[in-house]
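Written out below as structure tokens is the structure these notes cover.
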Amino acid sequence: MESHCRDEVKGPVLHIVVVGFHHKKGCQVEFSYPPLMPDEPHDSNRLPEEWKYLPFLALPDGAHNYQEDTVYFHLPPLSEDMKCVYGVSCYRQIEAKALKVRQADVTRETVQKSVCVLSRVPLFGLLQAKLQLITHAYFEEKDFSQISILKELYDHMNGSLKGSALEGSQVYLGFCLSSQVLILFKLILLEKKVLFYVSPVNKLVGTLMTVLSLFPGMIEHGLMDSSHYRPKSSVSEDLSLGEGVAGAEEFVSVHFLKPPTCTSPESSESDWETLDPSVLEESSSKELAEGKQMGPELPDPFDSKPGTPITVQPQAASGQGGVTQGLVSGLEEDQYGLPLAIFTKGYLCLPYMALQQHHLLSDVTVRGFVAGATNILFRQQRHLSDAIVEVEEARIQIHDPELRRILNLTTADLRFADYLVKHVMENRDDVFLDGTGWEGGDEWIRAQFTLYLHSLLSSTLQQDNERLLADYGSPFITAWKISHNYRVWYSNKHPAMTTITPGHPFQGQYSVADVKLRLSHSVQNSERGKKIGNAMITTSRNVVQTGKAVGQSVGGALTSAKSAMSSWFSTLAQPASVTAQAYPGTATDVKQ
């Protein structure tokens, strides 16, 4: 396919695009520099077929509820020699009466527009910082026909960002860490379907990209193949599933059978995933007819009766014996084989998903995803994802009991998580030094996860490593070893791994502190524990009220009982404070 981008453009920025909301046409491209389509003017609304969702990504759903917002999104490549296209969009709205020049198509009280940058490199934080300033200046003009500032932005960015290193604040500027990241870390290692949900979009994409930044080299070099999908209208144009995702047949086989009613006890994860093709689906009878005309002798994977589920079964691998030597990830790896080839071969990373992309969640060429959404319809379709991360409530909903068992944190994992929380909280007391120190800072936390992953990988290479791997969770290790990213990593030699000490960084003998950690974790993360905690808080509140009503006639006995109950509950609810000296082999001195 011929690329729509100018060959002479060699800078990191491909296009500057303005997307507006038209009262009749909806979201549409109003300006692009250089033009998105060859031989088209700058104000053309035409788009490459692969980028048909661009207007809905740049101008997010529900944007009218906010004065301004920021979106990160990924677009598929336009040609085989291109990689993922990274988009950053700054949205704002302004009252129509404030405009100096009001065009004829402005019929509403407010005008909503987004200015976005499409880039070859994932410089999210730096692009956002520059784009916010220009967007503010563009709106301050109060005349959207003044496009010279946008052309200057294109030239300036390509001049100043050319050759920029993908490291440090240019990648992570503005990110903040969230809770329960270790469970999310393992979910992504298992290449599960993970959906983040929160509004507004800037909070959504910030949280999602923060979690990805914990994987060494992932944002810098691991997302190049993370957006290789085909728009819905073109899926039926080619019945060869391997065209849409190169090598997809290695991982997914399509069956026209009814799914089993229960999970196979011999599998570490669900053998079958039932995908309902009728959810939010448009009428596709015309597309199906065209597909049959193109290849009547081939079975149409979408030719199913209404209500008949599409079932997808991952190809099983019998341990490490089924690994083909020398598998190529196609990523720029370091001496340890990182980043892992997670977002490859149909495993997508979509920081923000528009409602028009909902079909990707049940696309047979998509074997998994880490995606973000603000529309409640995504959260309601629970059967299309393995886990839903509700950012606002700091809660992870995992629907499959077997997957919850696989992700159950070990004692060593709980020590690791408690160690991180304790150091982050202790080093954030001074608001003037927040984020500037090493220990407890963002880069320090990423260094701890780098050590955790290095140690995990090193442990898998050891002979008789059952005891070493048990600290990471034997069910998790069993499931991870059949994942694509592990098979690719294990199939190649990484001499630098010999310098890594195997074993969990927080392995060691059990203690009373471990019992408190386990109890605290159970109370905080189980539904029964949460109910008990809420009941105790309610009881404590009632005791206080009763104590005030009775007064001092009982000598303050009720107040004393309330204090004892609150103290006991606080001990359960808060992670046990365990000193770093209790953990052998801590990662305090690690700095990548």
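The values are calculated or read from the model by the stated rules, or taken from the named source; none is laboratory data. Please read all numbers here as calculations on a predicted model, not as lab measurements. Every residue, glycine as well, gets a Cβ built from its backbone with ideal geometry; the counts of neighbours run over all protein chains shown. These accessible areas exclude ligands, DNA and RNA; they are computed on the full protein's heavy atoms, side chains included. Shrake-Rupley method; radii C 1.70, N 1.55, O 1.52, S 1.80 Å.
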Query raised in the report: For the range 342-387, how many residues are out of contact with any strand residue (DSSP E or B) (no Cβ under 9 Å at 6 or more places or on another chain) and either among the small types (G, A, S) or within 19 Å of Y86 (Cα to Cα) (or both)?
Result: 3
Query - Residue pairs meeting the criteria (Cβ under 8 Å; at least 6 apart or on separate chains; first more than 12 Å from K192 (Cα to Cα) and part of a loop (DSSP other than H, G, I, E, B), in the range 473-497; second among the β-branched types (V, I, T) and open to solvent by less than 10 Å² (accessible area, probe 1.4 Å)) - result: G473/I406; K481/T460
Report task. Could you identify the single residue in D334, D386 that is among the acidic types (D, E) and either farther than 26 Å from G441 by Cβ or crowded, with 16+ Cβ neighbours inside 10 Å (or both)? Result -> D386
Report summary line: Among E80, E50, the single one that is open to solvent by 10 Å² or more (accessible area, probe 1.4 Å), assigned to a helix (DSSP H, G or I) and either among the acidic types (D, E) or modelled with pLDDT of 95 or more (or both) is E50
Query raised in the report: Taking the range 32-42, which residues are open to solvent by 10 Å² or more (accessible area, probe 1.4 Å) and at pLDDT 90 or above?
Result: Y33, P35, M37, E40, P41, H42
Query raised in the report: If W438 satisfies every condition in (1) out of contact with any helix residue (DSSP H, G or I) (no Cβ under 6 Å at 6 or more places or on another chain); (2) of a type in the set (F, W, Y); (3) modelled with pLDDT under 90 but one, which is the exception?
Result: (1)
Query raised in the report: Is it true that some residue in the range 356-376 is open to solvent by 10 Å² or more (accessible area, probe 1.4 Å) and on the phi > 0 side of the Ramachandran plot?
Result: no
Query raised in the report: Restricting the first residue to the range 103-118 and requiring it to be in a strand (DSSP E or B), which pairs with a second residue that is of a type in the set (S, T, N, Q) meet a Cβ separation below 6 Å and a spacing of at least six or different chains?
Result: T110/Q93; Q112/Q93; S114/S89; V115/T135; C116/S89
Requested in this report: Please state which of the following conditions C27 fails to meet, knowing it meets all the rest: (1) closer than 30 Å to F378 by Cα; (2) surrounded by 19 or more Cβ atoms within 10 Å (Cβ to Cβ); (3) of a type outside the set (G, A, S); (4) touching a residue at least 40 places away in the same chain (Cβ under 8 Å).
Outcome: (4)
Query raised in the report: Among A387, A371, A394, which is of a type outside the set (D, E, K, R) and under 19 Å from L59 (Cα atoms)?
Result: A371
Query - Criterion violated by A98 - all others in (1) under 28 Å from G372 (Cβ atoms); (2) among the hydrophobic types (A, V, I, L, M, F, W, C); (3) more than 25 Å from the chain's Cα centre (by Cα) satisfied - result: (1)
Query raised in the report: Could you say whether any residue in the range 422-432 is in contact with a His (Cβ under 6 Å, 6 or more places away or on another chain) and either surrounded by fewer than 20 Cβ atoms within 10 Å (Cβ to Cβ) or touching a residue at least 24 places away in the same chain (Cβ under 8 Å) (or both)?
Result: no
Report summary line: Residue hits (the range 83-102; open to solvent by 10 Å² or more (accessible area, probe 1.4 Å), among the aliphatic types (A, V, I, L, M) and either touching a Cys at 6+ places or on another chain (Cβ under 8 Å) or free of Cβ contacts under 8 Å to residues at least 40 places away in the same chain (or both)) are none
Requested in this report: May I ask you to verify whether Y172 is modelled with pLDDT of 95 or more and closer than 25 Å to P60 by Cα?
Outcome: no
